[in-house]
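Notes follow once the structure below has been shown.
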Amino acid sequence: MSKDTSSKSWRPATQLVRGGTQRSPFEETSEAIFLTSGYVYPSADEAELAFKGDKQRYIYSRYANPTLSMFEQRLALLEGAAYGVATASGMSAVFAALASQLKAGDRIVASKALFGSCLYIIADQLPKFGIEADFVDGTDYDAWAKALSTPANVVFMETPSNPCLEVIDIAKVSEMAHAAGARVVVDNVFATPILQRPLALGADIVVYSATKHIDGQGRTLGGAILTNDQEFIEDHLTPWMRHTGPALSPFNAWVLLKGLETLAVRVKQHCENAAKVAAFLEGHPKIEKAIYPGLKSHPQHNLALAQMNGQGSSLVAFEIKGGKKASFATLNALGIVDISNNLGDAKSLITHPATTTHQRLSDEEKTALGITDGLVRLSVGLEDAEDLIEDLDQALAAA
Ligand SMILES: *Cc1c(COP(=O)(O)O)cnc(C)c1O
């Protein structure tokens with residue numbers, strides 16, 4: 001590795017293109033993919049020093065890999081984090097961030113509107129290891145205060161939430177969480193680091209599914225954990241990652257590293273398109289209600305704009321009049337937008353949460369989360385917004 005070209009003083013757009021780049025002696029313009037599991041040492045003495053930790057060098061790709069280091073450093077620079085750790089998927093990032101620091105007898109408090117697999121980890125897995133889990137309505141600050149009036153070790157939240165786009169005040173909850181002795185973990189997938197930087201708002205740890213906007217073209221799974229908490233990294237996450245092995249493939253790290261180069265321009269366009277689509281849906285006679293943080297009608301509209309860089313995100317949720325039948329008819333009539341539970345893709349993707357991502361929830365749980373039979377979630381892509389609006393309009397005629 002010859003030269004580290006990153007600089008902390010660069011602005012975000014520059015960091016995304018150049019941050020973390022380490023050129024090899026071949027001086028390539030596009031970052032190299034180091035598809036290697038191991039590394040060699042010039043002497044047995046050097047190997048001994050490396051294992052003692054006296055000499056910084058790559059030892060094994062379950063521990064670290066140069067392509068992963070470039071991805072981790074570029075994302076960390078953008079996030080304003082001292083440490084970045086890449087993982088094989090978003091879920092391995094969530095599990096590592098929680099399991100590495102929690103032990104039997106500990107307590108986690110989480111917002112209840114969570115991505116389904118995060119809910120599974122916190123509600124079903126962690127209690128098996130003696131970790132108590134309590135859930136609150138993320139937008140009810142009295143509920144947070146009550147839950148945090150007894151000590152907790154971790155607070156976990158997702159904002160905006162999946163699928164109803166509830167927005168939680170990260171700074172406010174972080175303050176309460178710290179007073180209760182907890183570290184704050186934020187799932188920042190929907191907002192992306194372009195719109196929202198939780199560490200600057202008081203959170204301690206940010207987790208990503210890089211599978212979504214960071215890749216942005218539906219090619220690979222990946223995840224990341226970002227933090228400034230040295231104790232968490234050194235005492236908990238680093239040994240946990242090294243010895244349990246949820247490492248990202250170097251090839252996938254390279255895909256994500258290249259994804260970061262275009263993240264800012266893509267997210268800007270996603271949001272612009274989503275705002276137009278949301279405005280169209282809000283006035284449509286077949287729509288009961290359009291949910292988009294950028295709309296004035298959204299219950300946390302002002303907080304959303306203040307916390308998310310003036311944007312409403314790339315996701316729009318809406319309720320179609322006529323329940324499941326009308327929703328299915330609309331989805332099946334779409335000509336451009338694909339039916340898929342993925343999101344953050346260049347291609348617009350739509351899903352019916354009640355029968356797919358949230359199918360295993362009980363009727364009461366669905367109602368509590370606002371997941372009705374007429375609710376659909378749309379991840380607005382990078383197609384021309386007018387084409388998307390025309391497609392939705394002709395499909396809604398089938399509702
Ligand atoms: C997709 C997603 C995850 C899980 O990420 P994977 O990369 O699919 O493992 C976690 N949280 C949110 C909000 C997501 O959208």
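Computed values, structure above
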quantity: Fraction of accessible area attributable to carbon and sulfur, the chain (%, probe 1.4 Å); calculated: 52 percent
quantity: Translational diffusion of the stretch 1-133, µm² s⁻¹ [Kirkwood Rh, Cα pairs; Stokes-Einstein; 10 °C; 1.306 mPa s]; calculated: 89 µm²/s
quantity: Order by protection proxy (mean Cβ within 10 Å, highest first), peptides 169-175, 186-192; calculated: 186-192, 169-175
quantity: Computed FRET value (nearest 0.05) for A279 with R18, which takes r as the C-beta separation and R₀ as 35 Å; calculated: 0.45
quantity: Computed FRET value (nearest 0.05) for D137 with E46, which takes r as the C-beta separation and R₀ as 35 Å; calculated: 0.05
quantity: Dipole of the stretch 12-261, positive direction: furthest Cα of N162, T211, Q196, with charges on the beta-carbon; calculated: T211
quantity: Lysine pair count for the stretch 247-329 [Cα-Cα under 22 Å; pairs on different chains or 8 or more apart]; calculated: 15
quantity: Computed label-point distance, nm, for sites T367 and S340 using a 7 Å Cα→Cβ extension; calculated: 3.5 nm
quantity: Mean separation of Cα contacts under 8 Å (6+ apart) over length of the chain, as relative contact order %; calculated: 15 percent
quantity: Accessible area of the chain divided out per residue, in Å², using a probe of 1.4 angstrom; calculated: 42 Å²
quantity: GNM top mover of S89, S30, S340 - the chain, alpha-carbon springs below 10 Å; calculated: S30
quantity: R62 versus F26: modelled label distance in nm, points set 7 Å from Cα along the beta carbon direction; calculated: 2.8 nm
quantity: Low-density loop cleavage sites - GluC sites (Glu not before Pro) in the stretch 1-97, where at most 16 other Cβ are within 10 Å (DSSP); calculated: E27, E28
quantity: Listed peptides 381-394, 95-108 by packing density, highest first (mean Cβ within 10 Å); calculated: 95-108, 381-394
quantity: Loop trypsin sites (Lys or Arg not before Pro), the stretch 17-78, which have at most 14 other Cβ atoms in a 10 Å radius of their Cβ (DSSP); calculated: K55, R57
quantity: Axial C-alpha extent at least 15 Å, average Kyte-Doolittle at least 0.5 - helices from the chain (DSSP); calculated: 250-261
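The values are calculated or read from the model by the stated rules, or taken from the named source; none is laboratory data. Just so it is clear, the model here is predicted, and its values are computed rather than measured. Note that we place each Cβ from the backbone using ideal geometry, even for glycine, and neighbour counts take in every protein chain shown. Please note that ligands, DNA and RNA were not included when accessible areas were found on the heavy atoms of the full protein model with its side chains. Shrake-Rupley method; radii C 1.70, N 1.55, O 1.52, S 1.80 Å.
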